[in-house]
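Here's the structure, in structure tokens; my notes come after.
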Amino acid sequence: MKNLNKKKYWFAGIAIIIFAAILTFYFVQKEQERKREEARIAVNLVAMGDSLTEGSGDEKDNGGYVGIIASMLSKREDVRSVKTENYGVGGNRIDQLMKRLDTQPDFQKDVKAANAISITIGGNDVMKVVRSKLLDAEKQDFTKASKIFDQKLKELLAEIRDLNADAPIYVFGIYNPYTTYFADFEVFDEIIAEWNAATKKNASENRRCAFYFGHEAIGRTWGHSSWEGKSESSRRFISPEP
């Protein structure tokens, strides 16, 4: 009988050890899963700007570059969720974008909550000069407009920083289809390049703000199945530094 009791206690002790080991493994595994889940990023992107942000001309109806970025990010293992707010309005110049941000509480609220912010703006500021001068436009007209734009961009970035001190800001260069329509205006490529260079310099002077040469890739996206540089773009949106 004593031997039977000893065996019973021995088996009970082994069962307890095994049960404890299983529970320990279970809890450790769950804790590791919890930590992995916590380490995954919940992306909250606010996109603002003109028709490129709005998605005008996207023949595949992907929501423009905003929708494409969201789709690519959602497939990444290190991304838990993706939320986007699109404040793109076709035809907007920078003064119109600033007015919307100044006067729309929901816009301001979403900027405050964002952990990534993207901007496409400037193309319609260039076209304003073209429309006002037509083929009589000279390089100095664009230089003057660029300086005005540059000052307003500084004000826009400062306002965004007042609303959100930490989210990385990605400023896209001007998408340039204009030489197709103004082939006789030989300095147009130079004008766009200088405009983008000024925008890049402006962005570099702001904390956690980067100029991105993605405008040509965005422009080629509409109606195409591939996007040049798309992996790099999605990586940038979740990196801690732009």
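Going from the fewest other Cβ atoms within 10 Å to the most, the residues 146, 74, 118 appear in the order 74, 146, 118. Summing +1 for each Lys or Arg and -1 for each Asp or Glu among the other residues whose beta-carbon sits under 9 angstrom from that of residue 122 gives -1. Using the Cβ of residue 93 as centre and a radius below 12 Å, the other residues enclosed give a net charge of +2, where K and R count +1 and D and E count -1.
According to the Cα-based calculation, Rg over Rh for the stretch 79-179 is 1.02, with Rh computed by the Kirkwood formula. With 0.36 nm allotted per residue and the present C-alpha distance subtracted, the residue 158-residue 77 stretch has 25.8 nm of extension available.
Each reported figure results from applying straightforward, stated rules to the coordinates on display, with no laboratory input. Because the structure is a prediction, the values reported are computed rather than measured. Glycine gets a Cβ as well: all are built from the backbone with ideal geometry, and neighbour counts include every protein chain shown.
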